[in-house]
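No value in this document is a laboratory result; all are computed from the given coordinates. Fair warning: this is a prediction, and the values are worked out from it, not measured in the lab. Cβ coordinates were reconstructed from backbone atoms using ideal geometry, including for glycine residues, and neighbour counts include every protein chain displayed.
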């Protein structure tokens, strides 16, 4: 006999209640309506740990794993910026000849690999030190990123 998933049943009931409240206009006059929700820096911290984290934060101290989470976010932003730079450079570099393109492609990818390695080292350290209740982070898959790079920045000179 099939047992209902109690968690899913609760989710369905909650969704229906929210839908009913929306249809009745109960959310229409809430303060801050139409504005982005303020994102608490500790959104990923388990609720029972938030008071302690806020106390440490007010003292200018954060646990290593939270500092690592910030560092991972900073490095991921840097990696994203490298992609944007490559996207801007790609059309121009394609016009400069095959040899120059291949040098650019190799150097650009090598720079990205270094950043991927930094991200993955920080992700490993974060996942080893963060509490079990924290959301663990996934490392970047170098091979998948390389495939994406090669696909996006194809040589206009054919295979090579």
Discussion item. How high is the relative contact order of the chain? Use alpha-carbon pairs under 8 Å, at least six apart in sequence, and give a whole percent.
Written reply: 25 percent
Worksheet, complete the sentence: For the chain, longest principal axis from Cα atoms; helix 6-23 axis from its Cα atoms; angle between them, nearest 10 degrees, is 80 degrees
Item to complete: Going by C-beta contacts inside 10 Å, put 79, 126 in order with the fewest on the left.
Response: 79, 126
Worksheet, complete the sentence: Contact order relative to length for the range 65-152, counting C-alpha pairs under 8 Å separated by 6 or more residues, stands in percent at 40 percent
Fill in: When the range 91-141 is reduced to its Cα atoms, the Kirkwood hydrodynamic radius in Å
13.3 Å
Fill in: Rounded to 10°, Cα long-axis angle of helix 64-94 versus longest principal axis of the chain
40 degrees
Practice prompt. Could I have the simple spin-label model distance between residue 74 and residue 144, label points 7 Å from Cα toward Cβ, reported in nm to one decimal?
Written response: 2.6 nm
Discussion item. Tell me the Rg and the Dmax, in Å, that the Cα atoms of the range 65-152 produce.
Written reply: 15.6, 52
Worksheet entry | Among (1) -0.41, -0.67, -1.08; (2) -0.46, -0.68, -1.04; (3) -0.68, -0.90, -1.07, the entry derived from the coordinates for log10 I(q)/I(0) by the Debye sum over Cα atoms at q = 0.10, 0.13, 0.18 Å⁻¹ | (3)
Discussion item. How tilted is helix 98-129 with respect to the longest principal axis of the chain? Cα atoms for both, answer in degrees (0 to 90, nearest 10).
Written reply: 30 degrees
Item to complete: Starting from the Cα of residue 12, step 7 Å along the direction of its Cβ; do the same at residue 124; then give the gap between the two resulting points in nm.
Response: 4.5 nm
Practice prompt. Could you tell me the distance between the Cα centroids of the range 67-118 and the range 129-144, to the nearest Å?
Written response: 22 Å
Practice prompt. Rounded to the nearest 0.05, what FRET efficiency do residue 117 and residue 88 give with R0 = 25 Å and r taken as the Cβ-Cβ distance? Could you check?
Written response: 0.55
Fill in: Order by protection proxy (mean Cβ within 10 Å, highest first), peptides 66-72, 8-14
66-72, 8-14
